[in-house]
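Read the figures in this text as sums done on the coordinates, not as results from a lab. Because the structure is a prediction, the values reported are computed rather than measured. Positions of Cβ are backbone-derived with ideal geometry, glycine not excepted, and every protein chain shown enters the neighbour counts.
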Amino acid sequence: MHRYELTLSLIDDVILSERAATSGGHRSLRHIPGGTLLGAAASRLYARLSPEDVFTVFHSGKVRFGNAYPLSASGAPSFPMPMSLHEVKDAPAESGGRIDAARTYNFVRVEAASKVRAAGGQPKQLREGYLTRHGTLVKPQTAFRLKTAIDPRTGRVAEGQLFGYESLQSGQRFAAEIAFDADLSPVLRDQVLEVLSGQISVGRSRSAQYGRARTELRALEPNTPSLQGLGRRVSLWLLSDLAACHEGVPTFSPQPQDLGLPSGRFVPEASFLRVRRYAPYNTHRRLPDLERQVISAGSVLTFEFDAELDAAELARTLAAGLGLHREVGLGVAIALPEWLSDTQPRFETEPAPAPLQPVPEPDDPLVRWLKTRAGVSGQDTELKEWVAAKVRELIAMQRAAMRLHGLPHFELAGPTRSQWGLVAAAAENARDKLDALEAALFGDNGVCKAKNNDDWHRITGTRPVTNAEGKEVTYSRWLRECLAAPVAGRNPGLAVARLAGAAQKMLTQRQWDLAGEKQ
């Protein structure tokens, strides 16, 4: 037997209806059925094969398209929750996205059930989500969108045809197993793998923004489960739905002989199962197939055999699948693994995630442009912080100057909005040339030229009246000092222009405040 793992990464949301009915509430499956993967392969391959090869690949069960179940955040595969696991109602087993083994009881073992009842607890079956062998509980994320049908005659919204879709959200990853019998032609096997490689579309509304998934394939090692020392009683864990029949009639309490197993009997008191029925929709025929009555995935079936089992024979039977419709992933079962065979589960230790390897930076024009933009963004943030700090200094200078010169509260003690506008214009013309900016601001004909009683040369009281050089501190000298700041030194024209614009906004707000104070 040849086995491959098919990993699907959802590019779009995927709609997988739980029921084919068009009325009533719509609910999505939490996994991708094997029948959906078979349909994706058939849509590309069916017409290219001969009738004999079509039957061999898609109908004989020699190729089995398994269900795709969600992967955990660490990439570990998950399985349907075993229905034999229970928790005490007032002591939930789930905590932080994991199942606490100490609060979980496996009722396949009769003593576990007796233990819970003796303690006065009320058992509650675990049903939701998918379980990894490390105890992680995986719950796929879903979305719901309302839509309306369009009347083809008018091109407008059709009356009374509002409907909604629940879907699996994009970005999630699922994994399925594709199994081929050993006697299948390698040519056919390669053709199936080829059509499932790259990108496929699954689910409903594939022409309307739904259904795309990116796929990856890898070969799996031969499956050699440890089935030694089974004895005569064996519990089987269904990893997919099981369509069992007894003398051609569907049954929900199958005997071992109905499944191709050695003679024995079904043990209902140690079995935990749920059932459902559905009619899968065939997109090619545009009709539903015959209704299927199945035992749901996650069920645990216990059998008592007349004699001890041959481990190798049981392994071969389980690998080939049980019951009907094995080509679409039904009938996948395993003997209850060791970590689920005791009264409480013994989860395996989750391996530490592999350290992330640095990815070399590609030499690409887009990468260089993005790095340039990131650098500009960082400088812009620094410049904004510098301008905000300088505006706070400017406000403090004006308040101190008003107190120093005894000005009334409705008069400003510094440059006006129009004067700051001239500073902004000079800075924009000078750009990154510091000499040109200093000449435009402080030269003989500059904006801040020396003039008696000019606002630019009004003395402030934020520092001593004279600085270290014995010169009076004014607005003009403060602005000259701003040009020597590190940020201003990178692009002085841009820095002063930003500062002038911020000063104008501050003065506009201040004038509105003063207008209110005068009234």
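How much net charge surrounds residue 267 when only the other residues with a Cβ under 14 Å from the Cβ of residue 267 are counted, with Lys and Arg +1 and Asp and Glu -1?
On the way: positive: 109, 232, 233, 265; negative: 269, 304, 306.
Charge balance near residue 267 sits at +1.
The angle between the Cα long axis of helix 365-405 and the longest principal axis of the Cα atoms of the chain comes to about 40 degrees, rounded to the nearest 10. Approximating the spin labels as points 7 Å out from Cα along Cα→Cβ, the residue 74-to-residue 214 distance works out to 2.4 nm.
For region 194-302, averaging the sequence separation of C-alpha pairs within contact (under 8 Å, six or more residues apart) and dividing by the residue count gives a relative contact order of 25 percent. Against the chain, whose longest principal axis comes from its Cα atoms, helix 34-45 is set at around 80 degrees.
Order of 55-64, 235-244 by packing, highest average Cβ count within 10 Å first?
Numbers: 55-64: 18.7, 235-244: 23.8.
Per-residue Cβ counts within 10 Å, averaged per peptide and sorted highest first, yield 235-244, 55-64.
The distance from the alpha carbon centre of region 82-102 to that of region 235-273 is 27 Å, rounded to a whole number.
Protection proxy ranking, highest mean first, for peptides 399-405, 2-8: 2-8, 399-405, where packing is the per-residue count of other beta-carbon atoms within 10 Å, averaged. Give me the number: length gained by fully extending residue 90 to residue 43, i.e. 0.36 nm times residue separation minus the C-alpha to C-alpha distance, one decimal in nm. Contour length minus Cα-Cα distance gives 11.9 nm. Angle between the Cα long axis of helix 311-320 and the longest principal axis of the chain, 0 to 90 degrees, nearest 10? Approximately 60 degrees, to the nearest ten.
At a Förster radius of 30 Å, what calculated FRET efficiency corresponds to the Cβ-Cβ distance of residue 350 and residue 110, to the nearest 0.05?
On the way: r = 30 Å, r/R0 = 1.01.
The pair residue 350/residue 110 has a calculated efficiency of 0.50.
Run the quick spin-label model on residue 18 and residue 481: label points 7 Å from Cα toward the beta carbon, then report their separation in nm to one decimal. Distance between label points: 7.1 nm.
Sort 291-297, 311-317 by the packing proxy (mean of other Cβ within 10 Å over each peptide's residues), most packed first.
Sorting 291-297, 311-317 by mean packing, highest first, produces 291-297, 311-317.
Work out the FRET efficiency for residue 416 and residue 364 from their Cβ-Cβ distance, taking R0 = 56 Å, and round it to the nearest 0.05. Numbers along the way, then the final one.
On the way: r = 50 Å, r/R0 = 0.90.
Working from the Cβ atoms, E equals 0.65.
Between region 414-444 and region 323-362, what's the alpha-carbon centroid distance in Å? Each part reduced to its Cα centre gives a spacing of 69 Å. Rounded to the nearest 20 debye, the dipole magnitude of the chain is 1760 debye, with +1 charges on Lys and Arg beta carbons, -1 on Asp and Glu beta carbons, and the Cα centre as origin.
Stretched out fully, how many nm does the piece from residue 396 to residue 341 gain, at 0.36 nm a residue minus the Cα gap? Each step should come with its number before you reach the end.
Working: separation 55, 0.36 × 55 = 19.80 nm, distance 7.62 nm.
Taking residue 396 through residue 341 to full extension adds about 12.2 nm, to one decimal.
Calculated on the Cα set of region 277-332, radius of gyration then Dmax: 15.3, 48 Å.
Summarising the label geometry, the points placed 7 Å from Cα in the beta-carbon direction at residue 232 and residue 50 lie 5.1 nm from one another.
For region 183-225, backbone nitrogen atoms closer than 13 Å to the point 7 Å from residue 60 Cα along Cα-to-C-beta are found at 183-189.
From the C-alpha coordinates alone, can you work out the Kirkwood hydrodynamic radius of the chain, in Å? That comes to 29.8 Å for the chain.
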